[in-house]
Structures are given as structure tokens and as C-alpha cells.
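Written below as C-alpha cells is the structure these notes are about.
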Amino acid sequence: MHIKNPPQHLAMALLIFLLTLTVTIQASAQVKDDAGSEEVVRDGTDPRDFGRRFQLQNEYLELKDSGKINTTKVVINNFLGLRGNFNPTIEIPLVYRDPSIPGVNTEFGLGDILFRGYFKKPTSRQLTFIYGGELKLPSAEEDILGTGKWTASPMLGFVYALNKTDIFAPIYFHDVSFSGNDGRADIHKGRFRIFVKKTISKQFYILGEGQIVIDYENDNESEFFLSADFGAIFAEGTILTVKPGIGIDPGPGEREWGVTLSYKKYF
């Protein structure tokens, strides 16, 4: 394994992680919703939920003919503590990458930091439109740990409440790189994410997700990935989940299978 001494920005990311974990473990989970006429369940599955939430996530992926990736990620939803119809989110990833290619080193370090912000526009108790975007920074310590590009991703979708606890939510992201390392591949992709949630009981739920990724830079090559997030609510505002997933006829470099473990805490 080839691991360099972490620079200042990695140390800062780890400091943020430790401070946030300490605060959220001690925090109260009683957060009131400010969503007008909406009825939102606080379990970390509903895009309409703008409650302030800490999430520690570990995602393991096997790629076809391209080794494996393990990403440990800190996610803070509504990190500014806003009340209203805007949700700012930050994601800080630490990435382990084993490309399984002769002559290419295994690497570990900071990946590309992501900021997400979006608005919601409720039209009724059942239907809410969401719109906004993501900005990914080329902050990865090594080329293999990130894209090397500044990438903007406008997003648009809606959430339809099937009942008081279950939802259907299709969301589209359009990824376009606009600056960065000229030696790295440009990014131009469309990402469809379709969520369906089924509540099993007050403590358990399943959130199914289908992903379709279209690479416009690569002859419209498409990737299909299916997953199911099994969630357990152990206390008010504290959720643990396991999310296995599988690729459908993946091409080289695409996801064959993976599993994600998450800890979520409202504060």
C-alpha cells in the first residue's frame, strides 16, 4: 500500500470528523420539522427532510476489471442549521483504492469533497418538487482517488407521498466538469436515481433504489445499479442501515456489486 503523509487539508477533514462525531453522539434527536403542510418521517430517507443530521457511511464497491474501492464518508445534512426550504449538505470522503492493475499503486487518502444544496416546493401534502445542485471539488490527494475536475451537477426531481410513511422519489442529476486538470477525462453524465420506500414497522423500513447513469462522453454508455437500504431505528433520531447493491450487466470499470453501512444521527 502506498500512503503518503496526510497534508493539512486531510488533517482538517479528520478534525471535522472527530468534532462532529463527538457532538452528534451527545446531541438530542428532537428536531422539529418546518415543512409547512408536509408530513415528513425523520429516518434519513425522505429528500423533504431538512433536519440537521450527521451521517457516517462506509461504502465498499467491486468494479468490473478495475479492482475495488472503499469509501468512508462523513455527511452533514443542513450543516448551517437553517430553517426553511433550503438544505445545504457537505460530504467529506476518505478513499481506499485498489485498482488491481500491475504497476498501479494502491492509494488511500482524501477524495473529492462534495457540496449539495437544494430547495423544496411543496404543492400539497403528497407532492413536493425539489431542485438545486451539487458541486464536487477536485480535492483528492492522488489522481486515482478522484476525478481531477471541478464538477457541477444541477438536479431536479419530486417526492410523492404514497402514505404518511412511504414515498416515491425520482431525481435527475446532470454532471458536467468545467475546470481542473486538463490531463484528466472530461465529465458529462446524466444520473437518474429512483427511490421507493416501504415501512415495515415503527422500527424498520426498506428503501429501494434504481440508478441509471448515462455517460455522454463515452458514446452514451449506460450503467444500471440496483440496491436496497434496510434501516433500523434504534432510538428517536438514531438510525443504522445496511445497503447491498448489484450492477446489471456491468461494463469495464462499472460497479459489479457493493454494500454500504451507515450510522445516522439527528442533532
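The values are calculated or read from the model by the stated rules, or taken from the named source; none is laboratory data. Since the model is a prediction, treat every value here as computed from it, not as a measurement. Heads up, the Cβs are rebuilt from the backbone with ideal geometry, glycines too, and the neighbour counts pull from every protein chain shown.
Yes or no, residue by residue, for (1) among the hydroxyl-bearing types (Ser, Thr, Tyr); (2) within 26 Å of PHE54 (Cα to Cα); (3) part of a strand (DSSP E or B); (4) touching a residue at least 12 places away in the same chain (Cβ under 8 Å):
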residue	(1), (2), (3), (4)
VAL213	no, no, yes, yes
GLU223	no, no, yes, yes
LEU226	no, yes, yes, yes
PHE230	no, yes, yes, yes
LEU240	no, yes, yes, yes
PRO252	no, no, no, yes
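Being modelled with pLDDT under 95, under 21 Å from VAL242 (Cβ atoms), in contact with a Ser or Thr (Cβ under 9 Å, 6 or more places away or on another chain) and assigned to a loop (DSSP other than H, G, I, E, B) narrows it down to one residue among ALA35, ALA29; which is it? Please lay out each step first, then the result.
Working: ALA35 fails: under 21 Å from VAL242 (Cβ atoms).
ALA29 is the lone residue from the list that is modelled with pLDDT under 95, under 21 Å from VAL242 (Cβ atoms), in contact with a Ser or Thr (Cβ under 9 Å, 6 or more places away or on another chain) and assigned to a loop (DSSP other than H, G, I, E, B).
When the stretch 194-210 is examined, which residues are found to be surrounded by fewer than 18 Cβ atoms within 10 Å (Cβ to Cβ), at pLDDT 95 or above and of a type in the set (Lys, Arg)?
Listed by number, the list holds a single entry, LYS198.
If you take the residues of the stretch 211-248 that are out of contact with any strand residue (DSSP E or B) (no Cβ under 7 Å at 6 or more places or on another chain) and farther than 22 Å from VAL176 by Cβ, which of them is surrounded by the most Cβ atoms within 10 Å (Cβ to Cβ)? Break it down into steps so the answer makes sense when it comes.
Of all residues in the stretch 211-248, those out of contact with any strand residue (DSSP E or B) (no Cβ under 7 Å at 6 or more places or on another chain) come to 218-219, 235-236.
Of the ones still in play, those that are also farther than 22 Å from VAL176 by Cβ are 235-236.
Values: ALA235: 8, GLU236: 11.
Once the filter is applied, the top-ranked residue is GLU236.
Look through the stretch 174-193, keep the residues that are among the small types (Gly, Ala, Ser) and touching a strand residue (DSSP E or B) at 6+ places or on another chain (Cβ under 6 Å), and return whichever of them is surrounded by the most Cβ atoms within 10 Å (Cβ to Cβ). Break it down into steps so the answer makes sense when it comes.
Step one: list which residues in the stretch 174-193 are among the small types (Gly, Ala, Ser), which gives 177, 179-180, 183, 185, 190.
Now narrow it down to the ones that are touching a strand residue (DSSP E or B) at 6+ places or on another chain (Cβ under 6 Å): 177, 179-180, 190.
Working: SER177: 22, SER179: 10, GLY180: 18, GLY190: 17.
By that ranking, first place goes to SER177.
So how many residues does the stretch 189-211 have that are over 19 Å from the mean Cα position of the chain (by Cα) and in a strand (DSSP E or B)? Can you show your working first?
Narrowing the stretch 189-211 to residues over 19 Å from the mean Cα position of the chain (by Cα): 198-204.
Cutting the leftovers down to in a strand (DSSP E or B) gives us 198-199, 204.
Residues in the stretch 189-211 being over 19 Å from the mean Cα position of the chain (by Cα) and in a strand (DSSP E or B): 3 in total.
Looking only at the stretch 90-146, which residues are of a type in the set (Val, Ile, Thr) and farther than 23 Å from LEU162 by Cβ? Write out each step before concluding.
Filtering the stretch 90-146 down to residues of a type in the set (Val, Ile, Thr) leaves 90, 92, 95, 101, 104, 106, 113, 123, 128, 130, 144.
Selection gives ILE90, ILE92, VAL95, ILE101, VAL104, THR106, ILE113, ILE144.
State the number of residues belonging to the stretch 38-79 that are aliphatic (A, V, I, L, M) and not in a strand (DSSP E or B).
Of the stretch 38-79, the ones aliphatic (A, V, I, L, M) are 40-41, 56, 61, 63, 69, 74-76.
Cutting the leftovers down to not in a strand (DSSP E or B) gives us 40-41.
Here the count works out to 2.
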